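Reviewing the structure listed below.
Derivation of every value follows stated rules applied to the coordinates shown; laboratory data play no part. If you're wondering where the values come from, they're calculated on a predicted model, not measured in any experiment. Cβ sites come from the backbone with ideal geometry, for glycine too, and all protein chains shown count toward neighbours.
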Amino acid sequence: MKRKGLVIGSIVTFMATGSGIVYFFGGVKEARQTGQGVVRFTRTALTVLQISYDYKKTLWKLDKTSELYKELQSQVHSRSAKRLCDLCFHNAGLYIKIGQHLGSLDYLLPKEYTRVLKIFHHTAPRSSLEDIHHVFQHELGQMPDELFESFDVEPLGSASLAQVHKAVLKDGGTVAVKVQHKDIQDHSSSDVKTMEFLVNIVKRVFPEFQFTWLVEETKRNLPLELDFLNEGKNSEKLQEKFSRLKFLKIPKVFWEFSSKRILTMEYCEGGHVNDLEYMRGHDISSDEVSSKVGQIYSEMIFVQGCIHCDPHPGNILIRKNTRGVVEIVLLDHGLYQ
């Protein structure tokens, strides 16, 4: 039985990888040039195969109402979440974005998944300084030390599509510089196709799997999120629309240091909206924070009709301004609906 399982697994792996090679070489220029698309597809296909096989093998013919089934299912959830997390870290880019989204679905996914995937709300692989310089030279025609008085080599943080560096302008103003990861544009098309291909396969094996909507959302929205000029325009529109909410802070955009892959904004300090320790240390009421965040999203939904579509904790900061008023700083304006 074990040998039979290995044979079947080998055949399926071969078919998945072979399909990926044909799929990519037939349709994606980047993968044909570098081979990275095939490697990323194969890594993803193997992970999906491992997860699918684990569920089928572990829970085969068990009574779904039994305690044993629930216990074993929880164990498979945990193993699968770890595998998915490792895949996202290895492939980075769009995979981190998907991991962030899944980590926010507490109301939909098992807790074993959301607990593991929440790591992507504040952690992502970083681009090298060489890659950062490449993007600057390509986008603005100058290096950071030519544009700014100073530019911190260590990023303040890294996310799925970009990382942020602190810098000082020639006039002394402090800014946050969001730099897109060097290869994200090249990988995005093939990564979306990979997800679409494998989600459709998994849906056939597990009919109850209902995540095709996530692929469709990604296909529609990713081009907007990869255009930082679009993000800058969105932030300025939001400043105008929400001007009556005095406690809402939207960082100012510095257009002369911005492009499609670089966005330079006013630097805003603060703690994450879910950081209770920060609130206690700065005498900020969690009730007040909750109320103000609620006001912002009520204004979006019921008054303005434009909704910030990536409201995970890493994109919402809290702080007290110079007058002691609690402010909500809203970041990442790449996508509104």
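Some points to look at:
- Ordering ARG40, ARG126, ARG280 by the number of other Cβ atoms within 10 Å of each residue's own Cβ, fewest first, gives ARG280, ARG126, ARG40.
- The stretch 189-195 - phi-based ³J(HN,Hα) in whole Hz, Karplus 6.51/-1.76/1.60, Gly and Pro as x: 5, 5, 5, 5, 5, 4, 4
- In Hz, Karplus ³J(HN,Hα) per residue of the stretch 169-179 (6.51, -1.76, 1.60; θ = phi - 60°; x = Gly, Pro): 6, 4, 8, x, x, 9, 10, 10, 10, 8, 10
- Dipole magnitude (debye, nearest 20) for the chain, charges at Cβ of Lys, Arg, Asp, Glu: 1540
- Degrees between helix 129-140 axis and first principal axis of the chain (Cα, 0 to 90, nearest 10): 60
- With Cα atoms, 0 to 90° folded angle of helix 36-59 axis to the chain main axis: 60
- Sorted by Cβ density within 10 Å, fewest first, the residues TRP213, TRP255: TRP213, TRP255
- Were the residues from SER78 through GLN142 laid out at 0.36 nm apart, the gain over their Cα-Cα distance would be 18.4 nm.
- Close amide H contacts of GLY157 (hydrogens built in the peptide plane, cut-off under 5 Å, sequence separation of 5 or more or a different chain): VAL164.
- Length-normalised contact order for the stretch 154-205 - Cα pairs under 8 Å, 6+ apart - percent: 22
- Hypothetical label at ILE307: residues of the stretch 114-130 whose amide nitrogen lies under 17 Å (7 Å Cα-Cβ projection): none
- In the stretch 41-93, the trypsin sites (Lys or Arg not before Pro) that fall in loop regions by DSSP, at most 11 other Cβ within 10 Å: LYS61, LYS64
- Exposure proxy for THR264, THR44, THR123, THR322: other Cβ atoms within 10 Å of each Cβ, ordered fewest to most, give THR322, THR123, THR44, THR264.
- Taking the stretch 192-226 and a reference point 7 angstrom along Cα→Cβ of ASP54, no backbone N atom is nearer than 11 Å.
- Once the Cβ-Cβ distance of TYR107 and LYS166 is raised to the sixth power relative to R0 = 41 Å, the FRET efficiency obtained is 0.70.
- In range of the label at ILE119: residues from the stretch 304-337 whose backbone nitrogen is under 18 Å from the point 7 Å along Cα→Cβ: 313-314
- Here each label is just a point 7 Å from Cα along the line to Cβ, and for GLN337 and GLU71 those points are 4.1 nm apart.
- Dividing the C-alpha radius of gyration of the stretch 193-242 by 2.2 N^0.38 Å, with N its residue count, gives 1.67.
- Remark: the stretch 231-239, residue by residue, has Karplus-estimated 3J(HN,Hα) of 5, x, 5, 4, 5, 5, 4, 5, 4 Hz, where x stands for each Gly or Pro and the curve is 6.51 cos²θ - 1.76 cosθ + 1.60 at θ = phi - 60°.
- For the stretch 94-143, size of Cβ-based charge dipole, Lys and Arg +1, Asp and Glu -1, in debye: 280
- Here the relative contact order of the stretch 69-123, from alpha carbon pairs under 8 Å that lie six or more residues apart, stands at 36 percent.
- Kirkwood Rh (inverse of mean 1/r, distinct Cα pairs), the chain, angstrom: 22.1
- DSSP-loop chymotrypsin sites (Phe, Trp or Tyr not before Pro) across the stretch 81-111, with at most 10 other Cβ within 10 angstrom: TYR107
- Length gained on full extension, GLU240 to LEU129, computed as 0.36 nm times the residue gap minus the Cα-Cα distance: 36.4 nm.
- Degrees between helix 2-27 axis and first principal axis of the chain (Cα, 0 to 90, nearest 10): 50
- Short-range pairs are left out: with C-alpha atoms under 8 Å and at least six residues apart, the relative contact order of the stretch 230-281 is 25 percent.
- With Cα atoms defining each centre, the stretch 33-82 and the stretch 265-330 are spaced 37 Å apart in the structure.
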